[in-house]
Amino acid sequence: MTATLPTASRETLLSLEPALRAEIRGQSHVIPRVISVLQRGQLGLSKPGRPRGSFLFLGPTGVGKTELTQAFTRHLFGEEKLLRFDMSEFQTQDSLGLLLGAKLGEAGFLGEAVARTGEGTILFDEVEKAHPRIMDVFLQILDAARVTVATGQTLNLSSFYVVMTSNIGSAELLSLQHSTDATLERHVLTRAQQSLRPEIFARITEKIVFHRLSYEHQLEIAEKFLRKEIAFLHAQGHTLTVGDSVLPFLVRKGFHPKLGARPMRDAVEKSIGDAVAGNLLAGGDANGRLRVDKGTDALVVDRNSGEACLTVLFSKQTRKCPA
Ligand SMILES: Nc1ncnc2c1ncn2[C@@H]1O[C@H](COP(=O)(O)OP(=O)(O)OP(=O)(O)O)[C@@H](O)[C@H]1O
Ligand SMILES: [Mg+2]
């Protein structure tokens, strides 16, 4: 008997790459490697008795490690199937009880979350900070996809992907301006192997170093945030068009070479949010044209600017606003 794939599953897998590329910018070396593991996992080709796939995502802060995990989980299973644990909160001896239950009858955060979701992705952030006894649990998860909780029940994690993230070695990475990507990757991987136990490192399917984000990629990300913010406000009943000067303004406010795209997200949310709030507090609505006010170096919304233009971004299908 030949096993064929249901059409819906095939379509979900075939649309994974464009979906990830639409969300994640400047990490094009990462996406094919992640997709390869996910395809094998979804097609039932990963090793029995192991997680469907496991990843170690390394690299500086704010460059897309968590975003990529969220994006593939959302695409394959739905957002609610991402179970997220920040290992900076699991650094003490007692943390094991938090994760797997402290006394008889408790399943712990992991046990409860796995029972609730059944399949999906388990994300362990800042993995190097976990207590050594939790590292033992990682080993069991990666090796056998099984872990016993305080209820006495053994969890089966073979329907889950496991993602571990870490910034190990990245401070140096940001200071080594002139090295090639290959040299930087080797440096970060060596540091990660030293910090995590070698036996954990060896059992992870894909270990990937994310790069710092260039100015050009941050510009693309700013556009993505801007689109999302405009769509969010539209859903709240505020229809905005965007003047030409807005995107360069946001990039100037939000670009940070070492902190990745987080400051950009904050700049977009704050600048546009303040402009909209200004209009609402003045008693008006916030429908109109978003532009930069040179005097205050802030964004403002000009109301009733009519049908002067559509939302102006760098995309091909939008029409340019008059200057
Ligand atoms: N490469 C990228 N493409 C698109 N958006 C990105 C990218 N990198 C970061 N972002 C955006 O920046 C924010 C922070 O990114 P993310 O949470 O993925 O950082 P991280 O790499 O996990 O950092 P940390 O190590 O601090 O956890 C998110 O809102 C995300 O949308
Ligand atoms: Mg993260």
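The values are calculated or read from the model by the stated rules, or taken from the named source; none is laboratory data. Just so it is clear, the model here is predicted, and its values are computed rather than measured. Note that we place each Cβ from the backbone using ideal geometry, even for glycine, and neighbour counts take in every protein chain shown.
Within the range 217-236, the set of residues being more than 19 Å from the chain's Cα centre (by Cα) and either more than 22 Å from LEU280 (Cα to Cα) or in contact (Cβ under 8 Å) with a residue 24 or more places away in the chain (or both) comprises ILE230, LEU233. Answer yes or no: is there a residue in the range 155-162 that is over 23 Å from the mean Cα position of the chain (by Cα) and within 30 Å of LEU104 (Cβ to Cβ). Yes, the range 155-162 contains at least one residue that is over 23 Å from the mean Cα position of the chain (by Cα) and within 30 Å of LEU104 (Cβ to Cβ). Identify all residues within the range 252-303 that are within 27 Å of PRO60 (Cα to Cα) and part of a loop (DSSP other than H, G, I, E, B); write none if there are none. Of everything in the range 252-303, those that are within 27 Å of PRO60 (Cα to Cα) and part of a loop (DSSP other than H, G, I, E, B) turn out to be PHE255, HIS256, PRO257, LYS258, LEU259, GLY260, ALA261.
Across the range 199-208, a minimum of one residue is classified as away from ligand 1 (no atom under 15 Å from the Cβ), touching a Ser or Thr at 6+ places or on another chain (Cβ under 9 Å) and of a type in the set (Ser, Thr, Tyr). Any residue at all in the range 148-155 that is closer than 16 Å to GLY101 by Cα, β-branched (Val, Ile, Thr), out of contact with any helix residue (DSSP H, G or I) (no Cβ under 9 Å at 6 or more places or on another chain) and at pLDDT below 95? Checked against the condition, which is being closer than 16 Å to GLY101 by Cα, β-branched (Val, Ile, Thr), out of contact with any helix residue (DSSP H, G or I) (no Cβ under 9 Å at 6 or more places or on another chain) and at pLDDT below 95, the range 148-155 yields at least one hit.
Which members of the range 52-84 meet the condition of being of a type in the set (Phe, Trp, Tyr), out of contact with any Asp or Glu (no Cβ under 6 Å at 6 or more places or on another chain) and more than 11 Å from ligand 2 (Cβ to nearest atom)? Residues satisfying the conditions are PHE72, PHE77.
Checked against (1) crowded, with 21+ Cβ neighbours inside 10 Å; (2) at pLDDT 95 or above, PRO60 passes all but a single condition, namely (2). Just one of the listed residues (GLY260, GLY284, GLY243) is farther than 30 Å from ASP143 by Cβ, of a type outside the set (A, V, I, L, M) and free of Cβ contacts under 8 Å to residues at least 24 places away in the same chain, and it is GLY284. The number of residues in the range 118-136 being more than 30 Å from VAL188 (Cβ to Cβ) and modelled with pLDDT of 95 or more comes to 1.
Of the helices (runs of 4 or more DSSP H) lying entirely inside the range 1-79, those containing at least 3 residues that are within 9 Å of ligand 1 (Cβ to nearest atom) are 65-76. Residues in the range 39-57 that are over 16 Å from THR12 (Cβ atoms), surrounded by fewer than 24 Cβ atoms within 10 Å (Cβ to Cβ) and in contact with a Leu (Cβ under 9 Å, 6 or more places away or on another chain): ARG50 only.
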